[in-house]
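This report refers to the structure that appears directly beneath it.
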Amino acid sequence: MVNLWIDDHEVKAKEGSTILEVAREKGIHIPTLCYHDAVSSAGACRLCMVEISKNAHSRLVTSCLYPVEEGLVVKTNTERVINLRRVIIELLLARCPNVKVIQDMARELGVEKTEFELEDKDCILCGLCVRVCEEIVGVSAISLVNRGNKREAATPFYEASNSCIGCGSCAYVCPTGCIKVEDVGDKRIIPRWKAEFKLKKCRVCGNYFAPEAQLDYLRRELGLPEEEFEVCPNCRVIDNDVSYEEV
């Protein structure tokens, strides 16, 4: 364990933890848009910047990446930190002026408008979708491509990816909601990736409940029998004691 100070509170933290992780454990708010505890941190949005000092020297660091240290002093709301966050949120507001989560965070930081040139984007390039697809799902169907103002999350060659299993994890972690998943009849559609998947029909209730590609992937990865996903999760719970043959 290490001892440090966060906003005048002395705290103990597990060695190897980041400042952001410890702050959240202690109920200290630090704004973020690119952070999710299920995947690795990238420090992409920079909104979690804090001011640290040790041995009379201070500097700004990204709290989601910076590990705690013995005797570290952390300030999350200094004038320097707040001014930096306001500039960052102004840039994001200029990029995505119609995205509610950006608008709400801008108001939280006291920013009503931006002086930067307005665009009409809905993606902040946080990379959460890419990281969850690679680190949790394990298929790497999407990536961040290009550079500069052409940077974006996309599938290879901007075509439907053969690796995508339609799980929707990318949409789940997306902070702006720019990735949509639509289940229409027996199809799942993810417009942003130009992807369409056939849904599996439950043998019990007849409802469609998951993409067949996702279930096939799970069967292969876990070595499960072919009949493992013949019943949806709801019916599996209700009819836990009834064999498939008896249904």
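The values are calculated or read from the model by the stated rules, or taken from the named source; none is laboratory data. Model, not experiment: these values are computed from the prediction. Here the Cβ is made from the backbone with ideal geometry for all residues, glycine too, and neighbour counts use every protein chain on show.
Quickly run through the range 112-151 and pick out the residues that are in contact (Cβ under 8 Å) with a residue 12 or more places away in the chain, loosely packed, with under 15 Cβ neighbours inside 10 Å and among the basic types (Lys, Arg). Hits for the range 112-151 are Lys113, Arg151. Restricting attention to the range 152-180, the residues that are under 26 Å from Asn98 (Cα atoms), crowded, with 20+ Cβ neighbours inside 10 Å and in contact with a strand residue (DSSP E or B) (Cβ under 6 Å, 6 or more places away or on another chain) total 1. Residue check: is Tyr172 out of contact with any Asp or Glu (no Cβ under 9 Å at 6 or more places or on another chain), hydroxyl-bearing (Ser, Thr, Tyr) and on the phi > 0 side of the Ramachandran plot? Here the answer is no, as Tyr172 does not meet what is asked. The criterion of being in contact with a Phe, Trp or Tyr (Cβ under 9 Å, 6 or more places away or on another chain), surrounded by fewer than 21 Cβ atoms within 10 Å (Cβ to Cβ) and β-branched (Val, Ile, Thr) holds for Val11.
Among the residues here, Phe209 does not qualify as touching a Pro at 6+ places or on another chain (Cβ under 6 Å), farther than 28 Å from Gln103 by Cα and at pLDDT 95 or above.
Okay, residues lined up against (1) β-branched (Val, Ile, Thr); (2) within 30 Å of Glu134 (Cα to Cα):
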| residue | (1), (2) |
| --- | --- |
| Leu20 | no, yes |
| Tyr35 | no, yes |
| Leu65 | no, yes |
| Thr76 | yes, no |
| Ile88 | yes, yes |
| Asp104 | no, yes |
| Glu108 | no, no |
| Lys113 | no, no |
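Given the structure, is Leu222 surrounded by 15 or more Cβ atoms within 10 Å (Cβ to Cβ), over 30 Å from Ala44 (Cα atoms) and out of contact with any Leu (no Cβ under 9 Å at 6 or more places or on another chain)? For Leu222, the condition - surrounded by 15 or more Cβ atoms within 10 Å (Cβ to Cβ), over 30 Å from Ala44 (Cα atoms) and out of contact with any Leu (no Cβ under 9 Å at 6 or more places or on another chain) - is not met.
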